[in-house]
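Q: Let me begin by handing over the structure; questions about it come next.
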Amino acid sequence: MPRCSVCQTRYTANKTDRCPLCGWDIQPLSFVTGMIPEVSQKEAIRLEWAKQLWSKAKACQDQARQIQLQFEAISDREKTFQAQLIQQKTEFEATLKQYETTIVALQTKLDQALIDPIPEVEETPIEEPIIVEKQTFVPSERSLKSFHFETVVIHPSGREIQSKQALFYDETLYKDIALEMVAIPGGRFEMGSPATETGRDLHENPQHWVNIAPFAMSRFLITQAQWKAIAALPKIKRTLNLYPSDFEGDDLPVEQISWFDAIEFCTRLSQQTGQSYRLPSEAEWEYACRAGTITPFHFGDTIAVDLANYDANYVYRFGTTGHYRQTTTSMMSIANSFGLSDMHGNVWEWCADAWHENYQGAPTDGSVWEAEDEVTYRVLRGGAWYCLPELCRSAQRHWNQPNMTGSGIGFRVVCEMKN
């Protein structure tokens, strides 16, 4: 069957005068007319014009389809948010009802106690009361201090800057080298990413609710100065290189650190301070990174090069391109709502967990998720200076062998909190 010269649609010869799809005149030129150069040239020009017009029409049709798909994605996301709001409302109403039931029960007991006579009891010698000192929310009896910082939320129309305050304590490592540990309040959050999130991976599925106990996390990535202060201490299980990093600088994050190196650092730090320092669980890390947000970044629905260190040649959603630094940077001043900086980009951060392909069977109490078999990979979070923006999302998961290092691999530490 012949094809239309414009849209390439097949048609039955001698059955129709025009293409059934584009309407092009498919009748061949007569032999005599085809012998006239002027007519042949005009026909060729007319055919080329028709092809270009059809190509533009197809492009417009494809663009319209893309816009339709985007609208459908936005609609699906809106439905997801609505479902989340309904679920949260239902949970809140159930909790409120429980409180009301408890209050009614307590009121009934109080009314009954006022009605019933007070039984007589034998007098006993008065003993000195036992005074229990009220414990405050501090790690290992350290006093917490407050610090002020700014957070940024990026909207398509601009930025919203908020001033906030958080609590922290200093852990002295060596002379004037200290480790700032921020108090992270306990809470409940939904771990993973929704199906509508741009750049998501199947590893981030299924979303599930996790309860997190209070803990403290280092405000910044472990720096090279902090690394040297602890690496200089006596070996416990593993020798540590005092100068492992590719990009040298005391205020820069330490990199070229394996998971085993990070574990040795935590062990020496715990022995030096008498406190229980460790790598965060994967759930603790994501909870700390999100700081109450449900967007791809704690900045909102996009990321910006002046707020994080990543490959800014690429953009995420309505973001803009920027300078690609191609190196690590010292601590950023902008933090999330918990007061933690550099949770997105700069260097990947080791977590304590073994790698799992998805969240099927994941613990819901924020604990470290180990593997039944021999562990060959450990979890990395947060992205790095060389990463695309979607690899720096709060829900993004990555992995590597525990003995592997790289110029984009570092860590931060956590410590248990005592009530």
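Q: Step through the table entries 145/175; 164/228; 89/145; 15/58; 164/237; 58/79, compare each Cα-Cα distance with 29 Å, and write down the pairs that go over it. Please report the intermediate quantities before stating the final value.
A: Details: 145/175 20 Å; 164/228 32 Å; 89/145 35 Å; 15/58 26 Å; 164/237 41 Å; 58/79 32 Å.
From the list (145/175; 164/228; 89/145; 15/58; 164/237; 58/79), the Cα-Cα distance tops 29 Å for 164/228; 89/145; 164/237; 58/79.
Q: Further question on the same structure: Straight-line reach from residue 235: which aspartates and glutamates have Cα under 20 Å away, leaving out those fewer than 8 places along the same chain?
A: Qualifying aspartates and glutamates at Cα under 20 Å: 255, 261, 264.
Q: I would also like to ask the following. Taking the chain as the reference, fit the longest principal axis to its C-alpha atoms, fit the long axis of helix 37-115 to the helix C-alpha atoms, and give the angle between the two in degrees, 0 to 90, nearest 10.
A: 20
Q: Are there cysteines in the chain with no second cysteine's Cβ under 4.7 Å away, and if so, which?
A: 60, 266, 289, 351, 387, 392, 415
Q: Which order do the peptides 380-391, 262-273 take when ranked by the mean count of other beta-carbon atoms within 10 Å per residue, highest first? Before the final figure, lay out each step's value.
A: On the way: 380-391: 23.7, 262-273: 19.8.
Per-residue mean Cβ counts within 10 Å order the peptides as 380-391, 262-273.
Q: Accessible area per residue for the range 267-419 in Å², computed with a 1.4 Å probe and the full protein assembly in place, what is it? Working shown, then result.
A: Details: 5620 Å² over 153 residues.
Ligands and nucleic acids excluded, the figure is 37 Å² per residue.
Q: Report, to two decimal places, the Cα Rg of the range 251-291 normalised by 2.2 N^0.38 Å (N = number of residues). Intermediate results must be reported in sequence, preceding the final value.
A: Numbers: Rg = 12.1 Å, N = 41, 2.2 N^0.38 = 9.0 Å.
Taking N as the residue count of the range 251-291, the ratio is 1.34.
Q: OK, next. Accessible area of the chain with a 1.4 Å probe: how many percent of it is carbon plus sulfur? Present the calculation step by step, with values, prior to reporting the outcome.
A: Numbers: 13200 of 24430 Å².
Here carbon and sulfur together make up 54 percent of the probe-accessible area.
Q: Here's a follow-up. Using only helices, what value at 222 nm comes out for the chain when you add -39,500 (n - 2.57) per DSSP H run of length 4 or more and divide by the total residues, to the nearest 500 deg cm²/dmol? List each step's numbers first, then the result.
A: Values: 5 runs with 115 residues, N = 419.
One gets -9500 deg cm²/dmol as the mean residue ellipticity at 222 nm.
Q: Mind listing the Cα extents of the range 252-404 along all three principal axes, in Å, largest one first?
A: 43, 36, 28
Q: Excluding ligands and nucleic acids, what accessible area in Å² is computed for residue 333 using a 1.4 Å probe, to the nearest 10?
A: Approximately 100 Å² of residue 333 is accessible to the 1.4 Å probe.
Q: Whole-Hz ³J(HN,Hα) for each residue in the range 306-314, computed from phi via Karplus 6.51 cos²θ - 1.76 cosθ + 1.60 with θ = phi - 60°, x for glycine and proline: what do you get?
A: Values, residue by residue: 7, 10, 8, 10, 7, 6, 7, 5, 10 Hz.
Q: Show the residues, 5+ positions off or on another chain, whose built amide H is closer than 5 Å to the amide H of residue 18.
A: Amide H neighbours of residue 18, under 5 Å, 5+ apart: 26.
Q: Going by average Cβ density within 10 Å per residue, which order do the peptides 311-321, 90-100, 399-409, 365-375 take, highest to lowest? Intermediate results must be reported in sequence, preceding the final value.
A: On the way: 311-321: 15.6, 90-100: 10.2, 399-409: 17.4, 365-375: 12.8.
Most protected by this proxy first, the peptides run 399-409, 311-321, 365-375, 90-100.
Q: If you add up the charges near residue 85, with Lys and Arg at +1 and Asp and Glu at -1, over every other residue whose beta carbon is less than 14 angstrom from its beta carbon, what do you get? Show your work: numbers first, answer last.
A: Values: positive: 77, 79, 89; negative: 78, 91, 93, 190.
That sum, taken over residues with Cβ under 14 Å, equals -1.
Q: What number comes out for the charge environment of residue 234, summing +1 per Lys or Arg and -1 per Asp or Glu over other residues with Cβ under 15 Å away?
A: Values: positive: 228, 235, 237, 238, 268; negative: 264.
Its environment carries a net charge of +4.
Q: Let me ask something else. Taking the Cα atoms only, what angle lies between the long axis of helix 259-273 and the longest principal axis of the chain, rounded to 10 degrees?
A: 20
Q: Whole-Hz ³J(HN,Hα) for each residue in the range 192-209, computed from phi via Karplus 6.51 cos²θ - 1.76 cosθ + 1.60 with θ = phi - 60°, x for glycine and proline: what do you get?
A: Rounded to whole hertz, the list is x, 10, x, 5, 8, 6, 4, x, 5, 10, 4, 5, 8, 10, x, 5, 8, 7.
The values are calculated or read from the model by the stated rules, or taken from the named source; none is laboratory data. Everything quoted here is computed from the prediction, not taken from an experiment. In this analysis, Cβ positions are derived from the backbone assuming ideal geometry, glycine residues included, and neighbour counts consider all displayed protein chains. For accessibility, only protein heavy atoms count, side chains too; no ligands or nucleic acids. Shrake-Rupley method; radii C 1.70, N 1.55, O 1.52, S 1.80 Å.
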